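The values are calculated or read from the model by the stated rules, or taken from the named source; none is laboratory data. A quick note: this is a predicted structure, and the numbers were derived from the prediction, not measured. Note that each Cβ is placed from the backbone with ideal geometry, even for glycine, and that neighbours are counted across all protein chains shown. To get the accessible areas, we keep the full protein, side chains included, count just its heavy atoms, and leave off ligands, DNA and RNA. Shrake-Rupley method; radii C 1.70, N 1.55, O 1.52, S 1.80 Å.
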Amino acid sequence: LEIARTCERGLVVCGPLAPNAERSAAIAEFARLTGWPIFADPMSQLRRGPHVGAAPVLAHGDLLLRDPPLAAQWAPDVVVRLGDSPVSKSLRLALEARPPEHMILVDPDRVGHDPSQLASRVLVADPGALCEAWAGAWRDAGWSARESEYTMQCLADDGRAADALSTALANPGEFLEPQAVRELAEALPADATLYVSNSMPIRDLDAFLAASPRPLRIL
């Protein structure tokens, strides 16, 4: 917790997690208090849901980190890794290029989801329970939620990416993957389950699925 208190440039990286609204809320609250943005893999269950309104959720990090200068600006000092390995290749390459000082891997099943071998600390704990405990300790210490310039910059970049995508897709020529992802996400009712193929379909979802408070289970 002291690392979270002293380091502003932190990133909560959420890979694939089983759907669990309480766990998502606990992770989102930890991110809100620390002021660390959430790099939300589409299968993390963090990109869609009621927690999105209050938590700093990044939806287009994979696209943005493909730009080397921006990847350098986003380089975090601390990463908390939750869930399985994220699908984003650009995130993996960005972290390998500029390894964080602290990489905290939360690995309840002792699987070792760390292909780049960057973990400086491994915690065998449930991600939701751990984030709930961290958030409780933060509040018990009397610390207020951090307002982070780093996070505000990441969110501003993410917002510009979302606006650019919306503009580009407003009058599409061919019906291609980005438009398919956007229209499918809008058409599905709240609490629907979307099962996505591996290879390019899940990568298209990672790149183009917008964040939204409307819950969607993605497998």
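General remarks:
- For segment 9-62: relative contact order, % (alpha-carbon pairs under 8 angstrom, 6 or more apart): 41 percent
- Rounded FRET efficiency, nearest 0.05, which uses the C-beta distance separating Asn171 from Asp109 and R0 of 35 Å: 0.15
- Mean accessible surface per residue for the chain, computed with a 1.4 Å probe while every protein chain stays in place, in Å²: 48 Å²
- Mean separation of Cα contacts under 8 Å, 6 or more apart, over the residue count of the chain: relative contact order %: 28 percent
- Taking Cβ atoms as reference points and 14 Å as the exclusive limit, the residues near Ser166 contribute a net charge of -2, counting Lys and Arg as +1 and Asp and Glu as -1.
- Overall form of segment 10-66 per C-alpha gyration tensor (a/c, 1.5; a/b vs b/c): oblate
- Sites matching GluC sites (Glu not before Pro) across segment 151-217 that sit in DSSP coil, with at most 10 neighbouring C-beta atoms within 10 Å: Glu174
- Option label - log10 I(q)/I(0) by the Debye sum over Cα atoms at q = 0.11, 0.12, 0.15, 0.17 Å⁻¹ computed here, alternatives (1) -0.50, -0.59, -0.95, -1.24; (2) -0.57, -0.67, -0.97, -1.17; (3) -0.57, -0.68, -1.06, -1.33: (1)
- Linear extension gain, Ala187 paired with Glu96, 0.36 nm per residue minus alpha-carbon span: 29.0 nm
- Zone residues, segment 121-149, relative to Ala18, backbone N less than 19 Å from point 7 Å out along Cα-to-Cβ: 124-132
- Solvent-accessible area of segment 1-137 (1.4 angstrom probe, protein heavy atoms only): carbon and sulfur portion equals 51 percent.
- In plain terms, the chain from Leu123 to Arg66 could stretch by 17.6 nm, reckoned as 0.36 nm per residue minus the Cα-Cα distance.
- Crossing angle, helix 149-170 versus the chain [Cα axis fit, 0-90 degrees, rounded to tens]: 10 degrees
- When the GluC sites (Glu not before Pro) in segment 56-148 are filtered for DSSP coil states and for at most 14 other beta-carbon atoms within 10 Å of their beta-carbon, the remaining sites are Glu101, Glu147.
- For the chain, calculated [θ]222 nm from helices alone, where every DSSP H run of n ≥ 4 adds -39500 (n - 2.57): -13000 deg cm²/dmol
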